[in-house]
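Heads up: the structure comes next, in structure tokens.
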Amino acid sequence: MGKLQDQVAIITGGASGIGAATARLFVQEGAKVVLVDLNEEKGKAMEQELKSLSAEALFVKADITSEEDVTNIYKQTIDTFGKVDILFNNAGIGRTLPSHELEYSEWRKTVNVDLDGVFLVARGAIREMLKTGGGTIVNTASMYGWVGAPGNAAYNAAKAGVINLTRSLGLEYADQNIRVNALCPGYIDTPIIPAEIKQELAQATPMKRLGQAEEMAKAVLFMASDDSAFMTGNSLIVDGGFTAQ
Amino acid sequence: MRFKDKVVLITGAAGGIGIAAAQAYAKEGAKLALVDLKQEPLEKAAEQIEAQDKLLLTANVSNEEEVKGFVQKTKDHYGRIDIFLNNAGINGEFHNITDQTEENFQNVFGVNVMGVFFGLKYVLQVMKEQKSGAVVNTASNGGLLGAPGMSAYVASKHAVVGLNKTAALEMAEYGVRVNAVAPSGVNTEMMRRIEQNAAGDQAEEARKAFEASVPMNRYATAEEIADLMVFLSSDQASFISGSYYRIDGGQGATSV
């Protein structure tokens with residue numbers, strides 16, 4: 001018996017990076033996984049990979065900033081698996097640019113995906129979880145929701161928004177058996193980080209290395225499972241010591 | 001069996017969280033060194049723990065020599081220390097600051113701050129040499145927010161959070177991780193004492209009020225705290241260090 005035996009988990013941004021690593025770990029623990037991503041090619045490849053491990057998996061292409069697309073995620077999930085137990089609300093974007101050069105349209109796009117999209121997907125999950133009597137949500141925030149950094153104003157502001165969204169939703173549904181927590185990664189070795197700055201970011205981390213997507217997945221599993229039954233509204237930092245400095 | 005043959009040292013082992021944690025590690029194959037102030041409660045606690053190997057050690061954690069002693073004895077007996085739950089703590093007397101006594105403050109700081117510091121000092125010497133290990137310090141939500149009447153306890157637990165971050169940074173390059181748990185009220189004997197201290201013969205009312213202040217409307221169980229300690233000290237948490245993890249039924253979401 002896995003820790004998530006027969007539970008239905010939706011993972012946004014599930015085609016690569018932390019989302020894909022979490023999908024692999026979740027199916028090992030017995031979950032049925034719905035992969036949501038904008039990238040159809042990678043999403044379908046990931047779906048095939050999970051199925052080849054004899055897991056139940058479904059890919060749904062969606063833009064999480066579109067209400068219609070988000071509605072469709074839940075329609076397809078319910079049609080296929082009948083319920084939603086876990087949401088890993090993980091899709092996000094980010095780009096480094098000095099703030100005085102940041103076009104308003106780019107600010108809007110970042111906040112739209114990283115905050116509005118997270119809300120829309122969480123709202124959909126809560127609606128389903130209220131019907132079935134509960135569930136768990138893990139939002140991907142960032143250590144840059146806790147601390148500032150130059151050159152990423154829109155991303156950092158949106159991630160701080162995710163942290164307080166997490167607190168607010170956690171409190172709102174604490175007595176309805178829906179737990180809401182956030183993962184706050186430090187510097188992680190994913191395709192988002194350009195190869196030429198990896199060494200520098202590893203040196204800036206007290207553990208002197210980047211985190212691995214698999215290590216994030218393990219923290220997400222803890223937050224999604226009953227092992228964290230008394231934890232909600234919490235934003236858990238997994239950063240190799242970065243924010244303790 | 002995530003902890004097969006791992007050596008786990010636990011202070012405050014006769015208390016509710018200590019016992020639950022010892023049981024959780026033992027179930028996954030760990031060897032235990034259990035420390036508490038007095039022999040009899042420690043033996044009683046040990047009876048509830050089925051482990052392949054358990055070493056019982058009495059010590060007052062506020063005494064540096066005694067801490068040095070139990071760390072040395074653990075190392076002599078098992079040869080290493082893989083996981084350290086720096087968990088012993090006391091709640092102290094209930095006084096507003098205007099009526100707080102130096103004696104109470106010194107007592108609480110002796111156990112909760114000096115005890116945690118001594119534990120870190122001697123266990124980290126062992127782990128640094130091993131180039132591996134994981135420490136979980138027991139802080140409290142009182143390490144992050146205030147509580148009327150509990151100035152000594154609250155200040156001491158804030159100190160634990162600072163020690164936790166600093167120890168993590170000093171140890172990062174040696175492959176030793178240091179984290180803290182920050183529970184709200186846990187349904188243990190300590191909570192019975194806090195209820196008594198807060199409200200005397202109205203302790204049952206105090207309990208209801210404390211539980212109602214938690215968004216999940218209840219105390220944590222000792223087992224739930226143990227689950228978090230197990231997670232933080234396991235390989236699942238290999239990139240987590242210097243963090244404090246709230247476990248508080250949502251209470252922390254209403255405070256800074």
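Spin-label model, A:ASP116/B:LYS208: points 7 Å from Cα along the beta carbon direction are separated by 4.8 nm.
Bridging of B:LYS208 to aspartates and glutamates at a Cα separation below 15 Å is possible for B:GLU195, once same-chain residues fewer than 8 apart are set aside.
Using only the C-alpha atoms, the convex hull of region B:202-244 corresponds to 98 Å³ per residue. Within region A:21-152, the proportion of Cα pairs with more than 22 Å between them is 42 percent. Less than 20 Å from a label point 7 Å out along the Cα-to-Cβ axis of A:LYS208: which backbone N atoms in region A:177-197 qualify, by residue? Counting backbone N atoms under 20 Å from the label point, the list is A:186-189, A:197.
Relative to the longest principal axis of the Cα atoms of chain B, the long axis of helix B:222-233 makes an angle of roughly 40 degrees.
Computed from the alpha carbon positions, the gyration tensor of region B:153-256 leads to an equivalent ellipsoid with semi-axes of 30, 14, 12 Å, biggest first. Bridging of B:LYS75 to aspartates and glutamates at a Cα separation below 19 Å is possible for B:ASP5, B:ASP36, B:ASP53, B:GLU64, B:GLU65, B:GLU66, B:GLU129, once same-chain residues fewer than 8 apart are set aside. A cut-off of 5 Å between modelled amide H atoms, ignoring neighbours fewer than 5 places along the same chain, links A:ILE178 with A:GLY135.
Ordering of A:15-26, B:108-119, A:191-202 by packing is A:15-26, B:108-119, A:191-202, highest average first (other Cβ atoms within 10 Å, averaged per residue). Charged side chains reduced to their Cβ positions (Lys and Arg at +1, Asp and Glu at -1) give the protein assembly as shown a dipole of some 580 debye around its Cα centre. Can you give the Kirkwood hydrodynamic radius of region A:8-235 from its Cα pairs, in Å with one decimal? Result for region A:8-235, one decimal place: 17.6 Å. Modelled this way, with points 7 Å down the Cα-to-C-beta line, the labels at B:GLU64 and B:LYS38 are 2.8 nm from one another. Residue-normalised convex hull volume from the C-alpha trace of region B:64-105: 88 Å³ per residue. Counting charges near A:GLY43 (Lys, Arg +1; Asp, Glu -1) among other residues having Cβ under 9 Å from its Cβ returns a value of -1.
Residues whose amide H comes within less than 5 Å of that of B:SER243, counting only those at least five positions distant or on another chain, are B:ALA180 (H built at 1.01 Å from N in the peptide plane).
The local environment of B:ASP235, defined by Cβ-Cβ distances under 14 Å, has a net charge of +1 under the rule Lys, Arg +1 and Asp, Glu -1.
Tell me, Kirkwood radius of chain B from alpha-carbon pair distances, in Å? The Cα-based Kirkwood calculation yields 18.2 Å. For B:LEU55, the residues whose amide H sits under 5 Å from its own are B:LEU32, B:ALA33, B:LEU34, ignoring neighbours fewer than 5 places away on the same chain, with H placed 1.01 Å from N. Every helix of 4 or more DSSP H residues in the protein assembly as shown counts as -39500 (n - 2.57), and over all residues that averages to -13500 deg cm²/dmol at 222 nm. Evaluated over the Cα positions of the protein assembly as shown, the convex hull gives a direction-averaged projected area, one quarter of its surface, of 24.2 nm². For region B:74-91, backbone phi angles converted through the Karplus equation (6.51, -1.76, 1.60; θ = phi - 60°) give residue-by-residue couplings of 5, 5, 4, 6, 9, x, 6, 9, 8, 9, 10, 9, 8, 10, 4, x, 10, 8 Hz, Gly and Pro being listed as x.
Each Lys and Arg adds +1 at its Cβ and each Asp and Glu adds -1 at its Cβ; summed about the Cα centre, region A:173-230 shows a dipole of about 140 debye.
Computed 3J(HN,Hα) for region B:24-35, one whole-Hz value per residue from the Karplus formula 6.51 cos²θ - 1.76 cosθ + 1.60 where θ = phi - 60°, is 5, 5, 4, 4, 9, x, 7, 9, 10, 10, 10, 10, glycine and proline marked x. For region A:8-235, the number of Lys pairs with C-alpha atoms closer than 13 Å, counting only pairs eight or more positions apart or on separate chains, is 8.
Per residue of peptide A:167-180, the mean number of Cβ atoms on other chains within 10 Å of the residue Cβ is 3. Of all lysines in the structure, those lying under 19 Å Cα to Cα from B:LYS44, and not within fewer than 8 positions of it along the same chain, are B:LYS27, B:LYS31, B:LYS54. If you take the Cα centroid of region A:122-190 and the Cα centroid of region B:87-106, the two points sit 37 Å apart. Simple spin-label estimate for A:ILE197 and A:LYS83 gives 4.4 nm between the two label positions (7 Å along the Cα-to-Cβ direction from each Cα).
Since every read-out is calculated from the coordinates, none of them should be taken as a lab result. Keep in mind that what you see is a predicted model, and the values were worked out from it rather than measured. A quick note on method: Cβ atoms are made from the backbone with ideal geometry, for glycine too, and the neighbour counts reach across all protein chains shown.
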